[in-house]
Structure formats: structure tokens, C-alpha cells
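> Quick one: structure below, then a few questions.
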Amino acid sequence: MPAVRPRCGPGLVLALAVLLVAGCTDGEGGGTESESPSADTLDTGSRPEIDLPEGPPPEGLTVDDLVEGDGPQVEDDVRLTLHYVALTWSGDEVTSTWDRGQPLIYRYGDGRWVEGWNAGLEGMHEGGRRRIVVPAEFGYGQRSVPGVPAGETLVFVVDLLEVG
């Protein structure tokens, strides 16, 4: 498995199990840091506003907690219920559970999702909202899928509704 480099420091190697370093920035286009509101401010009844980071896409996977949850934490082989919006770096929407009218329910770690999605959810707490920026090498790589050109960086905003 390729290493995933966090924005917290150059040269650090990050495997899926070590993605606990959310909200740091090294100035490589990952956006700005902001204070995270408390979990009780997460409005899970409405679609989130999506603020894309400015500048070129980051070279590595980036994870920003927009709202820190205070419920159970994501771990392997646990059932998750979540809403998400997926965009390309250029701002084109790819897919959204909000548009389908029901959240995604699946077993975390089942291997059905791109590497960056799984790595980006690692350590998230129920009740949280997280932005996950997935470079192509941790997403679909150089292959195209509907709505996603080859080599495209993806941006997910995820509301974790339930763990377990």
C-alpha cells in the first residue's frame, strides 16, 4: 500500500491506521485552519455548504474536522451511517447522499471504497463533519469513472450520523 503523507510535516509517512492528525497544514494548498464548532452544532438535517480549499490541490491526503464529533469512533468492521457530498477539485459535484434522500450505510473496512475515503474516515467520531481531500493516487488514479476525470483530486464532506 502506498504511504499517505499528512499536511502536518514533511517526510512523515502515514498508513491508514495513523490518520489521527487532522486539521494541520503545511501550506501546500490545503486551505486554512479554522476553529471547529462543538458537535451539538452539526445540523444533520440539511446538506452542508461546501467550501473548497483555495489554490492547487495538495499532494497528499488531507483531513479537516469541520465539526468534531463526541460519539463513538470509526474503527474496522463497524457499521457506519453517514451523509456525504463528493466534488472534484474544480468544484463539480460527483455524487451526494443528500440528493438521493438517504444516508449511506456500510461496514467500515470492507474494501469497497477508494483508499483515501477509508483513510480519511479513520478516527472520526459520531456526530462529526469532516472534509477529506483525496489526491488521485489515493482515489481513482489515472482511470476515469462517471463524473471523475482521470487524475482528478476529490473532495468529500462527510457527516457521520451513527457508528455501530
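Just so you know, all these numbers are worked out from the coordinates, no wet-lab data involved. All values derive from a computational prediction rather than experimental measurement. Note that each Cβ is placed from the backbone with ideal geometry, even for glycine, and that neighbours are counted across all protein chains shown.
> Given the Cα-Cα distance of Glu93 and Arg143 and 0.36 nm per residue of separation, how much length would full extension add, in nm? Write out the running numbers ahead of the final one.
Details: separation 50, 0.36 × 50 = 18.00 nm, distance 1.78 nm.
Result for the pair: 16.2 nm of gain on full extension.
> Sorted by packing (mean other beta-carbon atoms within 10 Å per residue), highest first, where do 146-159, 100-113 land?
On the way: 146-159: 19.3, 100-113: 12.4.
Per-residue mean Cβ counts within 10 Å order the peptides as 146-159, 100-113.
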